[in-house]
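Worksheet for the structure shown next.
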Amino acid sequence: MDRAALEAILAQAVADGVTPGAQAALSLDGRLVETVCVGRTALPDHAPPDAPPAPVTAETLYDLASLTKALVTAPLVWHALGQGILTPEAPAARWLAEWAPGRAAGVTVGQLLNHTSGLPAWRALHREARALCPDGDPAAIATQARGLLFESSLEAAPGQVSCYSDLGYMLLGLLLERALGGPLDALAEALIFAPLGMRSCRFVRLLDGARILDGVAATEPTEAAPGLACVSGQVHDENAFALGGVAGHAGLFGAAQDVARFGQALLAAEGGALAGWPISPSAVRWAMSTRAAGFDAAGRRLGSHLGGLDTPSGDATSAGPLMTADPVGATVGHLGFTGTSLWVDRSRRLSVALLTNRVHPSRDREEVRGLRVRLHTEVARACPPAPGWRLWPEVPEVSGVPTPRLAHGGRRELEVAIEAARRAGVLARARFAQAQEIVHKGEVDLVTQTDLDCEAIIIETIRAAFPDHGFLAEEGGRSNSASPCTWIIDPIDGTTNFSHRTPHFAICVALQVEDQLQIGVIYDPMRDELFAARKGGGAWLNGRRMQVSGCRRLNEALAATGFPYDRRTSDNNNVDYLGVMIRRVQGIRRMGSAGLDLAYVAAGRYDLYWELRIKPWDVAAGLVLIDEAGGRVTDIEGGPYDIHKGDVLASCGPVHGEAAACLTQVAEARRK
């Protein structure tokens, strides 16, 4: 990275009057690699008397404007989705009863999030509210502005058109306060800023008389703040000002390094959750995918926004011509009216935050777009995409956010799955040292009486709580297939180990709801290790959050694999794949339990796992674990994984491309 080139770009913008000053922060491959600061916080002739111009430093705070949507409001929605508190399909009126009857009809949480609600882009709430409060009392103005917001009408039917709407995010902010039970700024601090170390980020509560005096970039005089020669240390956005400084669409202040850190958190979803961040990687990946976008009746994507994040659109994108725009979701980000931006290029593992106060002393100049393009082009040129990078397909069975059929995101179902697995584990552990009654299902495929008894315990426990649910079990087959909820069970995964008194086996329990896996539990009774995951709720090992490893090179990876039961008679027995992979990885383990292999990938003990013709009950629980721990799952050639076909590749993420390429070579040779 040529720091001098970045400084020259920013310095030229300052010299040309594009902005009084600027910060740029770059994060590459999970590390903050560069911070460049130029110019001053204000122009001498326009600075407020009590906040004179000062050199821009890495600690200077900028009004982030609409980056508030991407850094606060959208992530809080992702959290609520993961916790089962909200769903994309939930009607917004359920939480916003004051939204005038009929005006909110049909608008969903997801439509507010991706700007397809039908609401107009903007409305001068601040002007209307001040007209109703001639004495200028800030609290009264805020009350009136909120009431006027609830009177907002739709300009189009929900889900039919895309319109970037501040009003939608104002409503979404109020909705989140009610759904999550706290003020928006407090929720942001607890769930986003503190866990990610974004220490500079804050709202300024105007109704408390708050203002940032030192180290803040000035903006301009606004109609919402009459009498001020220049707004400094308080929100620039007029409607956010009228609402008291804390709103879902604007109001956040911060420094570029912390904005770039948020970009790092988005990138971390490709290869494991950031420690301490309660938002699950699967929810983040959903938000960065077209699954979170709006589509019209003909299946055409509406607009450029996904689940609260924008994407480069057209030749004039401010992300510049080099950042990866195809496929959609490869680069995501957002802009702010004050001259701020964040772009995250997943192919480059790159996060670029650019903060300016181009609205000081006036919003009239628009040259900041050219500055954005020049900076992002220079950075993207210096940071090429990772070789072989691709946007991996999501596993259909574990993609998306929790289905609305499970109350509270499936907490009760997870509790029952854990109870069932533990009860079966007690029996398996008690019988481990005993001689087993063995029946051969095939030449090397075994079943013991303990398998059958453990399966009966699991089904009995689940059926007592959910009598209408169906089952797909290794030994007992399928029952009640008409139910939308199916429990997928392997009572002892690793029966051969168990029958030989090798203490490496597990009880695997998963719940599939309408073809989507929601719950995954794998219990190792000999080590008393409980691996558990709930869709959108993270993956956990004995109560501690799990994440996949940080391995980034295949030659440093510890892999695991297995062999099919007909390996003596079938030539598709994984031996040729093993011959290639053993030369490419650091080591390979064949432990005899697919469930524990997947659990170990989720826990960061293994870096990848592959196997051929594996059964649904062997992998179902592990798929949820890996997805929630931030890993990747595809078929062995990198295509979408089908739980009923069985060739699976699971990894920590960064090594996935190399592993898939090696396995693809073997698969192509076999087809010739």
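The values are calculated or read from the model by the stated rules, or taken from the named source; none is laboratory data. From a predicted model like this one, the values you see are computed outputs, not experimental measurements. Here the Cβ positions follow ideal geometry from the backbone for every residue, glycine too, while neighbour counts run over all protein chains shown. For the accessible areas, the whole protein counts, side chains as well, though only heavy atoms, and no ligand, DNA or RNA atoms are used. Shrake-Rupley method; radii C 1.70, N 1.55, O 1.52, S 1.80 Å.
Can you name every one of the helices (runs of 4 or more DSSP H) wholly within the range 173-283 that holds 2 or more residues which are at pLDDT below 95? Break it down into steps so the answer makes sense when it comes.
Working: elements: 184-188, 238-242, 256-268.
In the range 173-283, 256-268 are the helices (runs of 4 or more DSSP H) which contain 2 or more residues that are at pLDDT below 95.
Do you know which residues across the range 206-220 are touching a helix residue (DSSP H, G or I) at 6+ places or on another chain (Cβ under 7 Å) and surrounded by fewer than 18 Cβ atoms within 10 Å (Cβ to Cβ)? Before you say what the answer is, go through the steps one by one.
Looking only at the range 206-220, we keep the residues that are touching a helix residue (DSSP H, G or I) at 6+ places or on another chain (Cβ under 7 Å), and these are 206-207.
Selection gives L207 alone.
Against the definition (closer than 19 Å to F253 by Cβ and open to solvent by 30 Å² or more (accessible area, probe 1.4 Å)), how does P49 come out, yes or no? Spell out how you get there, then give the answer.
Details: closer than 19 Å to F253 by Cβ: no; open to solvent by 30 Å² or more (accessible area, probe 1.4 Å): yes.
Considered against the rule, which asks whether it is closer than 19 Å to F253 by Cβ and open to solvent by 30 Å² or more (accessible area, probe 1.4 Å), P49 comes out as no.
Looking at (1) part of a loop (DSSP other than H, G, I, E, B); (2) closer than 25 Å to V72 by Cα; (3) under 18 Å from the mean Cα position of the chain (by Cα), which is the one condition that is false for P327?
(2)
Do we have T19 as among the hydroxyl-bearing types (S, T, Y), part of a loop (DSSP other than H, G, I, E, B), modelled with pLDDT of 95 or more and surrounded by 20 or more Cβ atoms within 10 Å (Cβ to Cβ) here? I'd like the intermediate steps shown before the answer.
On the way: among the hydroxyl-bearing types (S, T, Y): yes; part of a loop (DSSP other than H, G, I, E, B): yes; modelled with pLDDT of 95 or more: yes; surrounded by 20 or more Cβ atoms within 10 Å (Cβ to Cβ): yes.
When the stated conditions are applied, T19 passes them.
Out of R363, R369, R358, R346, I need the residue that is open to solvent by less than 20 Å² (accessible area, probe 1.4 Å) and farther than 26 Å from A269 by Cβ. Which one? First the steps, then the outcome.
Details: R363 fails: open to solvent by less than 20 Å² (accessible area, probe 1.4 Å); R369 fails: open to solvent by less than 20 Å² (accessible area, probe 1.4 Å); R346 fails: farther than 26 Å from A269 by Cβ.
The match here is R358.
Can you give me the number of residues within the range 646-662 that are on the phi < 0 side of the Ramachandran plot and either buried (at least 21 other Cβ atoms within 10 Å of the Cβ) or without any contact (Cβ under 8 Å) to a residue 12 or more places away in the chain (or both)? Can you show your working first?
Applying the first criterion (on the phi < 0 side of the Ramachandran plot) to the range 646-662 yields 647-652, 654-662.
From what is left, the residues that are either buried (at least 21 other Cβ atoms within 10 Å of the Cβ) or without any contact (Cβ under 8 Å) to a residue 12 or more places away in the chain (or both) are 647-652, 654-656, 659-660.
Matching residues across the range 646-662 total 11.
Check whether at least one residue in the range 303-317 is among the polar types (S, T, N, Q), on the phi < 0 side of the Ramachandran plot, open to solvent by 10 Å² or more (accessible area, probe 1.4 Å) and out of contact with any strand residue (DSSP E or B) (no Cβ under 6 Å at 6 or more places or on another chain), and report yes or no.
As a first pass, look at the range 303-317 and keep what is among the polar types (S, T, N, Q): 304, 311, 313, 317.
Checking the rest, the ones that are also on the phi < 0 side of the Ramachandran plot come to 304, 311, 313, 317.
Add one more test, that the residue is open to solvent by 10 Å² or more (accessible area, probe 1.4 Å), and what stays is 304, 313, 317.
Okay, now just the ones that are also out of contact with any strand residue (DSSP E or B) (no Cβ under 6 Å at 6 or more places or on another chain), so 313, 317.
Yes, some residue in the range 303-317 is among the polar types (S, T, N, Q), on the phi < 0 side of the Ramachandran plot, open to solvent by 10 Å² or more (accessible area, probe 1.4 Å) and out of contact with any strand residue (DSSP E or B) (no Cβ under 6 Å at 6 or more places or on another chain).
So which pairs qualify, if the first residue must be in the range 464-481 and at pLDDT 85 or above, the second must be among the polar types (S, T, N, Q) and in a loop (DSSP other than H, G, I, E, B), the Cβ gap must be under 8 Å, and the two must be at least 6 apart or on different chains?
Note: pairs meeting the criteria are D468/N480; D468/S483; H469/N480; H469/S483; G470/N480; G470/S481; G470/S483; F471/N480.
May I ask you to list the residues in the range 135-159 that are open to solvent by 20 Å² or more (accessible area, probe 1.4 Å) and either assigned to a loop (DSSP other than H, G, I, E, B) or of a type in the set (F, W, Y) (or both)?
Those that are open to solvent by 20 Å² or more (accessible area, probe 1.4 Å) and either assigned to a loop (DSSP other than H, G, I, E, B) or of a type in the set (F, W, Y) (or both): D135, G136, D137, E151, S153, L154, E155, A156, A157, P158.
Any residue at all in the range 82-93 that's under 30 Å from R412 (Cβ atoms), in a helix (DSSP H, G or I) and not small (G, A, S)? Spell out the reasoning first.
Of all residues in the range 82-93, those under 30 Å from R412 (Cβ atoms) come to 82-93.
Right, trim to in a helix (DSSP H, G or I) and you get 82, 92-93.
Adding the requirement that they be not small (G, A, S) leaves none.
No, because not a single residue in the range 82-93 is under 30 Å from R412 (Cβ atoms), in a helix (DSSP H, G or I) and not small (G, A, S).
Mind checking which residues of the range 525-553 are surrounded by fewer than 23 Cβ atoms within 10 Å (Cβ to Cβ) and in a strand (DSSP E or B)?
E529, L530, W540, L541, R544, R545
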